[in-house]
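Heads up: the structure comes next, in C-alpha cells.
Quick note: the coordinates plus some simple rules give every number you see, no bench work behind them. None of the values given here were measured: they were computed from a predicted structure. Here the Cβ positions follow ideal geometry from the backbone for every residue, glycine too, while neighbour counts run over all protein chains shown.
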Amino acid sequence: MVNTDITRRGFLATVSASAVVLPTIVPSSVFGADAPSDRIGMAQIGCGGRGRAVSGGFARQKDVQYLAVCDPFKSRRDGMAAKFNKQYGGGDTVKAYADFREVLKRDDIDAVAICTQDHWHVPLAIAASKAGKDMYVEKPLGVSMEWAKVLRKSIKRYGNVFQYGTQQRSARQFRLACELVRNGYLGEIKTIDAWCPDIASQVPNSGKAWGQGDGPSYGKIIKADPPADLNYDLWIGPAPMKPYTPDRCRNWGTYHVYDYALGFIAGWGAHPLDIAQWGMNADNTSPVTYEGKGSLPTRGLYDTIDSWDVYCTYACGVKMRFMGHRVAKPVVMKYHKRWCAHGTTFHGTKGWVSVDRGGIFASDPKLLKVKIKPNEINLITSRGQDRNFLDSVKSRKPAINPVESAIRSDTISHISDILIRTGRPMKWDPKKEDFIGDAEATKLMTRPLRAPWKL
C-alpha cells in the first residue's frame, strides 16, 4: 500500500512548523533520493480517455502521489478518484473537483497533468504557472499562438517545469533518426516529409463506428440538454457559448470543432512536426515560407481542416511537405515499402531515414546500425515522457519537450491552418513571431476569451 501520510509539500509544512530557521520557500532541488519525502504531489485536470492514459503512466511511478483529479464531468472525476483511492489502499486521499481553481489553491500539489480539450490547455497552464505548479500539457498547445506566448512569459517569470505531451521524443527510434540527421549521416538534408491522419482517415462514411447510427459522419448538429453530470458552462470555459449537442463534447467534437481545436492538422500534426523540428535542431525557430492547399468539411458539426498539403521552407533552404494521411500515402509509398498513417522522413544527399511509431526505416539498412559516438551529437535519452517530466521536476532542468519546442512546432500547424482558410501563401518572421506584410493573418493568431475568463 502506498503511504499517503506525507508528500513533498506536506513534508515542508511539517518541518517549517517545528524549525523556524527553515526558509519560507525551499527550492525543489533540495529533494533527493534520500530526502524524507521524495514523492511528487500530482493533480490530474481532464479525466477523459487521454487523461486516463496519462494519469495511469504517472500513477505507476513510485515517486508520485495523486492528490486531486478534476473534470466538469462528475462521473469521470469521481471514477478516477475512486480508482486512485483503491490503488492507494482505500480512503479518500484523492479528492475530486469540478473547478480547477480549487485544485490550484492546494499547497500540497507540486505538478499538474493537463489533458482537457485543446482550447483549455493554455489557460489552464497559465493558471498553474501563476500558482507555482509544474505542468505536463497534452498536445497541441491550443487555439491561439498569442495565448501560448503569454504562457511562455509566465513560465519564464515563475520558473515552472513544462513538459509537452509529444511522447515520440522519448522513443528510441525517433531519437536515432534525429541523431543520424544531426550528425550528417544522411549528408545535407534537402527535404522532409511529415504526415499524420486527417479527419476522413478517422471518420467513416457512416457514423455507425462512432455510435451515431446512420447520422452524418461529420457530427450531428441536433440540439439537446447537457447530461446531468456535466457542468457545460465550465466545459465551454473561454470558448464561445454554443448550444449543447452530444457530438460536441465527445472525443471527435473536441478534436474537430474549431471553437475548441484546430483539428488533426495540429492535434496529430504536433507529433511528426515535433520530430522534424528536433531533427533540424529548430526548437527555437520555424519555417519562414508556407504555401499549399486544403479543404474544409461541407456538412455536419465538425469544421476544422479536413485534408491538407502544405509546403514549408526553413531559412536554411530545407523544404518540408506537411500532409494529411490521404495526400501523403501516394507520396510516401514511392520510396517506402511500408505504409503508416503518420511519420517523418528526412531526405538527404546520402539517403533517407523515415520514422514512425512502428519503427525506423532507411534507404540503406546500414544506416540503422550506426552507433552514435560519444564525441558526436547525442540527444537526450528519456525513459518516457512522464518519467522525464518527473526527473525535471526534481532536478529543475528543462524537460525533453520544453515550452519553446511546443510553441515553435505548433506555429507550423497554426500557419498551415491560416494559409488554407485565407487561400494565400504566408511569409513568417521567426524572430518577431509574426507574419510579414499580412495584418489579417496576424489577427487570426489569437482569439478572444469569453467573459469572465482571462489569461
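To the nearest Å, what is the center-to-center distance of the range 348-400 and the range 296-346, using C-alpha atoms only? When both Cα centres are located, 23 Å separates them.
Explain nothing, just the number: dipole magnitude of the range 270-413 about its Cα centre with +1 on each Lys and Arg Cβ and -1 on each Asp and Glu Cβ, in debye rounded to the nearest 20. Present the calculation step by step, with values, prior to reporting the outcome.
Numbers: 21 positive and 13 negative charges, 137 e Å.
Dipole of the range 270-413, to the nearest 20 debye: 660 debye.
On the beta carbon distance between A315 and A53, with R0 = 35 Å, the FRET formula returns roughly 0.40.
Here the mean projected area of the convex hull built on the C-alpha positions of the chain is 23.6 nm².
In loop segments of the range 365-455 as defined by DSSP, the chymotrypsin sites (Phe, Trp or Tyr not before Pro) with at most 16 further C-beta atoms inside 10 Å of their C-beta are W453. Here the calculated FRET efficiency for R450 and K223, from their Cβ-Cβ distance with R0 = 22 Å, stands at 0.70, rounded to the nearest 0.05. Checking every one of the chymotrypsin sites (Phe, Trp or Tyr not before Pro) in the range 278-370 against DSSP loop status and a limit of 16 other Cβ atoms within 10 Å picks out Y335, W339. Site-free segments of the chain were taken between trypsin sites (Lys or Arg not before Pro) in DSSP loops having at most 11 other Cβ atoms within 10 Å, sites themselves excluded; the longest one is 106-222. Given +1 at the Cβ of Lys and Arg, -1 at the Cβ of Asp and Glu and no other charges, the dipole of the chain around its Cα centre is 720 debye to the nearest 20. Ranked by how many other Cβ atoms sit within 10 Å of their own Cβ, fewest first, the residues H256, H336, H414 fall in the order H336, H414, H256. By other beta-carbon atoms within 10 Å, ranking M333, M42, M280 with the fewest at the front produces M333, M280, M42. Here the calculated FRET efficiency for E376 and E440, from their Cβ-Cβ distance with R0 = 45 Å, stands at 0.50, rounded to the nearest 0.05.
Considering the zone a paramagnetic label at N281 would reach in this model (a point 7 Å from Cα along the Cα-to-Cβ line), which residues of the range 343-386 have amide N under 18 Å from it? Taking a point 7 Å out along Cα→Cβ of N281, the residues of the range 343-386 whose backbone N falls under 18 Å are 346-350, 372-381.
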